[in-house]
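**Q** The structure that follows is given in the form of C-alpha cells.
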Amino acid sequence: MNLLIIGAPGAGKGTMSDILIKNFDLVHISTGDMLREAVKNGTPVGKIAQGYMNAGALVPDEVIHDIIVERFSKDDLDNGFLFDGYPRTKAQAEDLSLILKQLNKKIDAVINLDISDEDLVKRITGRRLCPACGEIYNIYYKKPSKEGICDKCGAELIQRKDDNLESLETRLSEYHKNTQPLIEYYEEMDLVKNTDASKGVDVVFEEIRSFLEGLC
Ligand SMILES: [Zn+2]
C-alpha cells in the first residue's frame with residue numbers, strides 16, 4: 001500500500017503518520033528528513049540543496065525531484081510507503097506521478113486530515129508547554145489545574161514563539177494556496193480519503209483503517 005498524507009500544520013499529521021506506518025508496515029518518506037540526511041552525508045544532491053538552504057531559499061522542485069528519485073533507487077519500498085510533507089504542490093504531484101509510473105508503482109490513497117482553521121487556531125495558539133518536564137497543555141482543551149503552572153512538576157508554562165496567531169495565519173494561507181489544487185488533483189484521480197481531524201486520534205485512525213481495508 002502506497003499512501004500520501006496531507007494536513008495543515010497542527011492537524012496531527014506526525015501522530016497519524018506514526019500510527020499508519022506501524023499498523024500497515026510502511027516505510028516513512030519525509031522529504032524534510034531526506035534533505036537533512038543528504039546534506040549531512042554530503043551527497044551531490046545534498047550539496048546543491050545545502051546551497052539553497054544556506055541562502056535561506058526554498059529548495060527548488062528539480063532538487064526535490066532528484067532526492068525522490070535517489071530514494072527510490074533503494075529497494076526497501078516494495079512493500080509500501082507513506083509520503084509525508086511531499087508533494088506540497090500540484091506541480092510536485094504531477095512530477096511524482098511520472099516518477100512512479102516509470103517505476104511501475106502508484107499511489108493507492110491520499111489521506112487528507114481535514115480541520116477547520118478555527119480549530120487549528122485553538123490547537124496552536126492555545127498550546128502551552130512545560131520547559132522543565134516537556135508536558136504539553138492547551139488552554140482550551142487541556143488546562144492545567146492552576147493557570148500557567150505545570151500539574152506534574154510545578155514549573156511555569158511557556159508558549160512557543162511560533163505558536164502565535166500571526167505566524168499561524170501566514171502558514172495557513174500558504175498551506176491553503178498550495179494544498180487546494182493538490183487535493184483537487186488527487187480527487188480527480190479518485191484517491192482522496194477526507195477525514196475530520198478534529199475528532200480524536202483513535203476515531204480518525206479507525207475511519208482511515210476501514211477505508212484502507214476496503215481498498216484491499
Ligand atoms: Zn512540568
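What follows draws every value from the coordinates through simple rules; no lab data is involved. Quick caveat, the model's predicted, so the values are computed rather than measured. A quick note on method: Cβ atoms are made from the backbone with ideal geometry, for glycine too, and the neighbour counts reach across all protein chains shown.
**Q** Just give me the residues in the stretch 191-211 being in contact (Cβ under 8 Å) with a residue 60 or more places away in the chain and among the acidic types (Asp, Glu), in sequence order.
**A** ASP196
**Q** Show the residue pairs meeting these rules: Cβ distance below 9 Å; 6+ apart or different chains; first residue within the stretch 106-135 and more than 20 Å from LEU3 (Cα to Cα) and free of Cβ contacts under 8 Å to residues at least 40 places away in the same chain; second residue of a type outside the set (D, E, K, R) and more than 16 Å from the ligand (Cβ to nearest atom).
**A** Within 9 Å, the pairs are LYS122/TYR140; LYS122/TYR141; GLY126/TYR140; GLY126/TYR141; ARG127/GLY10.
**Q** I'd like the residue in the stretch 153-168 that is more than 16 Å from the ligand (Cβ to nearest atom) and surrounded by 13 or more Cβ atoms within 10 Å (Cβ to Cβ) and, out of all such residues, is nearest to TYR140 (Cα to Cα). Before you say what the answer is, go through the steps one by one.
**A** First, pick out the residues of the stretch 153-168 that are more than 16 Å from the ligand (Cβ to nearest atom): 161-168.
Now narrow it down to the ones that are surrounded by 13 or more Cβ atoms within 10 Å (Cβ to Cβ): 163, 167-168.
On the way: ASP163: 14, SER167: 19, LEU168: 17 Å.
Checked the stretch 153-168; the qualifying residue nearest to TYR140 (Cα to Cα) is ASP163.
**Q** A further question on this structure: Among (1) without any contact (Cβ under 8 Å) to a residue 60 or more places away in the chain; (2) under 23 Å from ASN23 (Cβ atoms), there is one condition LYS177 misses while meeting the rest; what is its number?
**A** Result: LYS177 fails condition (2) only.
**Q** What's the total number of residues in the stretch 170-207 that are in contact with a helix residue (DSSP H, G or I) (Cβ under 7 Å, 6 or more places away or on another chain), assigned to a helix (DSSP H, G or I) and either among the β-branched types (Val, Ile, Thr) or more than 20 Å from GLU94 (Cα to Cα) (or both)?
**A** So the answer is 4.
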